[in-house]
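Please read the structure below before turning to the comments.
The values are calculated or read from the model by the stated rules, or taken from the named source; none is laboratory data. In this text, all values refer to a predicted model and were calculated from it rather than measured experimentally. Because the Cβ atoms are built from the backbone with ideal geometry, glycine has one as well, and the counts that use them run over all protein chains shown. Keep in mind that these areas ignore ligands, DNA and RNA; they rest on the heavy atoms of the full protein, side chains included. Shrake-Rupley method; radii C 1.70, N 1.55, O 1.52, S 1.80 Å.
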Amino acid sequence: MSVLLPPPKRQKVYHGIPEPEDHQVSEESVPNVLVQFVNDQDGSPLAPAVNLPANVTKDALESLVNRLRPQDDDSVPFLFHLDSSAEAIAAGAPPRLIISNSISQDILGHPSQAFSPEDIFVIHCSPQAVFKVRPATRCSSTLSGHTSPILCASFSPTGNLLATGSGDCNARLWDLSTETPSYVLSGHKGWVLCVEWEPMERKLATGGHDGHVRLWDAKTGKPSGEPMKGHSKWVTSLAWEPIHLNPIAPRLASSSKDGSVRVWSSVARRLEYALGGHSASVNVVRWGGGGIGGKGALYTASSDRTIRIWDPEGGKLLHTLKDHAHWVTTLTLNTDFVLRTGPFDHTSKTASSDEEARSLALKRYNTLVSTSGELLISGSDDHTLFLWSLFPSRTASAEASELAAAKGGKLKPLARLTGHQRQVSHVAFSPDGRWAASASWDNSVRLWDGKTGKFVATLRGHVAAVYRLAWSADSRLLVSASKDSTLKIWDLKTYKLKTDLPGHTDEVYCVDFVADKVASGGRDRTLKIWKN
């Protein structure tokens, strides 16, 4: 007797169209990979190696890493990447592969085929800021007033005010809550070349082509006494003493084309001492918070091809760095952001006293330098940059380094950063110190690892020289200003263009980034405010 088979299953039809066949990949076809999570700061393992399916998503990895961390910590977002091997890089693979979707899609499916399922996946975990800055997408205000090109712009530490300097011999203060002009700061007899806010936001310092340094009251816009005279040529850069070293009356350092650096008392408005070791123009000065014994340090870069480090207590020369082959035009410290903002952070808390402000600023500074110390990057017209660690964190080797610096011994750079084809115009550390970005006359922006100096990526999009860079407070976004009259915002997750901001009619000389606002100015004499 024959067995009757059941009739075939009828195919579902939707509006006359057959249902598509299910082509989903079976679970058996997804390989498992061995994953080792390590801290991106020091390379220490976060947990024993685990076996995970390759299709695990970035969100799942983030959740897993947060569970591996101490339970009393808040959940924070992470950025994950794998470093390619030297053989893979030689074969054309990128230096690092970012996990933005899943391991199978971003690593195993990468065209370079740098990894296979049999490899041990050492995933570097970089904690990101808990807050997130929204990228600017539109111009909210175009503010006129300056009658000559705008040469410099700087947000105040809280982000409530903006100062600009121009070739019309005036500086201006702008109210960001209303995006209107507040005060015109008149007094210089030449171009205003640099503006610098005191980290407590009480005063604004300006330096001009007339060689004068002026102080202004931030609330009233009135000058604080007479100009401080002494430089015989124009002022190129200004730097305030860190708040955690001197919260009540921080001093001010100014560098000049005349080859000297002068340190002024901001209260008495008089010269304390002058530094005269350079034989050519001093292009930039930075006042760091490290130094021998944590007393701070002055860093100066000059057209005599040297970088000099000074003791700010009396102006004693600690070290001279002579590795560059051409003018040194830009410097950046990994502590620039916390020194510039002092006690102010994203929580908007205000200190009730100078001592509380000092303790808040010191806590922020120590948190940043606890692993690597205060790092310095110098950029030059020789197309290269150098990464220096002159005052590392307090360890035995750090003490030896400080002793060598105190005796004037030779300190070699940690890394030489090469790749630019023309002069380096600007270099800036990210607020968290993990990244450094350099702008060049070769129309490109390059990203580097802030701890090792290793090349990370090239950001291409500008069609003319890139003049200036600014980071968002969460270190996720980078904005660049260029001769091609545009601003571009870059995404650090993908190393690609996030937003293009055209609008200026001529070269953009200056840009700054605070909260979710970007300010820019240039040769067209207009100030533009950009926001989401």
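Things to note:
- Residues of the stretch 238-278 satisfying the condition of being β-branched (Val, Ile, Thr) and under 24 Å from His319 (Cβ atoms): Val261, Val263
- So Val445, is it open to solvent by less than 30 Å² (accessible area, probe 1.4 Å), more than 18 Å from Asp512 (Cα to Cα) and modelled with pLDDT of 95 or more: no
- The residues on offer are Ala325, Ala280, Ala301, Ala351, and the sole one that is farther than 28 Å from Arg468 by Cα and among the hydrophobic types (A, V, I, L, M, F, W, C) is Ala351.
- First in the stretch 211-238 and without any contact (Cβ under 8 Å) to a residue 12 or more places away in the chain, second anywhere and β-branched (Val, Ile, Thr) and part of a loop (DSSP other than H, G, I, E, B), Cβ under 7 Å, 6 or more apart: none
- Scanning the stretch 293-318 for residues that are assigned to a strand (DSSP E or B), open to solvent by less than 10 Å² (accessible area, probe 1.4 Å) and in contact with a Gly (Cβ under 9 Å, 6 or more places away or on another chain) gives Ala297, Leu298, Tyr299, Thr300, Ala301, Ser302, Ile309.
- The numbered conditions (1) at pLDDT below 85; (2) part of a strand (DSSP E or B); (3) farther than 26 Å from Asp491 by Cβ are all true for Asn51 except (1).
- Residue count for the stretch 231-242 under the criterion of being within 21 Å of Trp287 (Cα to Cα), in a loop (DSSP other than H, G, I, E, B) and out of contact with any His (no Cβ under 9 Å at 6 or more places or on another chain): the result is 2.
- Of all residues in the stretch 277-292 being over 23 Å from Pro250 (Cβ atoms) and of a type in the set (S, T, N, Q), the one that is most open to solvent (accessible area, probe 1.4 Å): Ser279
- In the set (1) in contact with a Pro (Cβ under 6 Å, 6 or more places away or on another chain); (2) open to solvent by 10 Å² or more (accessible area, probe 1.4 Å); (3) in a loop (DSSP other than H, G, I, E, B), the condition left unmet by Arg214 is number (3).
- Residue in the stretch 427-437 that is more than 21 Å from Gly373 (Cβ to Cβ) and modelled with pLDDT of 95 or more present: no
- Residue-level analysis places Thr158 among those that are open to solvent by 40 Å² or more (accessible area, probe 1.4 Å), touching a Phe, Trp or Tyr at 6+ places or on another chain (Cβ under 8 Å) and either aliphatic (A, V, I, L, M) or on the phi < 0 side of the Ramachandran plot (or both).
- Some residue of the stretch 460-481 being open to solvent by 30 Å² or more (accessible area, probe 1.4 Å) and of a type in the set (Gly, Ala, Ser): yes
- Scanning the stretch 80-93 for residues that are farther than 14 Å from His124 by Cβ and in contact (Cβ under 8 Å) with a residue 40 or more places away in the chain returns no hits.
- The lone exception for Gly145 - which of (1) in a loop (DSSP other than H, G, I, E, B); (2) surrounded by 16 or more Cβ atoms within 10 Å (Cβ to Cβ); (3) modelled with pLDDT under 85 it fails: (3)
- In the set (1) assigned to a loop (DSSP other than H, G, I, E, B); (2) over 19 Å from Leu252 (Cβ atoms), Pro199 fails one condition alone, (2).
- Scanning the stretch 1-42 for residues that are at pLDDT 65 or above, under 22 Å from Pro117 (Cα atoms) and assigned to a loop (DSSP other than H, G, I, E, B) yields Val30, Pro31.
- Neighbours by Cβ (under 8 Å, 6+ apart or cross-chain): first from the stretch 474-487, on the phi > 0 side of the Ramachandran plot and touching a residue at least 24 places away in the same chain (Cβ under 8 Å); second among the hydrophobic types (A, V, I, L, M, F, W, C) and surrounded by 24 or more Cβ atoms within 10 Å (Cβ to Cβ): Ser475/Leu492; Ser485/Val508
- Qualifying residue in the stretch 176-187 (condition: open to solvent by 10 Å² or more (accessible area, probe 1.4 Å), over 19 Å from Leu151 (Cα atoms), charged (D, E, K, R) and part of a strand (DSSP E or B)): no
- In the stretch 394-414, residue modelled with the lowest pLDDT [restricted to those that are exposed (fewer than 15 other Cβ atoms within 10 Å of the Cβ) and assigned to a loop (DSSP other than H, G, I, E, B)]: Thr395
- Test: Val427 is more than 25 Å from Val284 (Cα to Cα) and among the hydrophobic types (A, V, I, L, M, F, W, C): no
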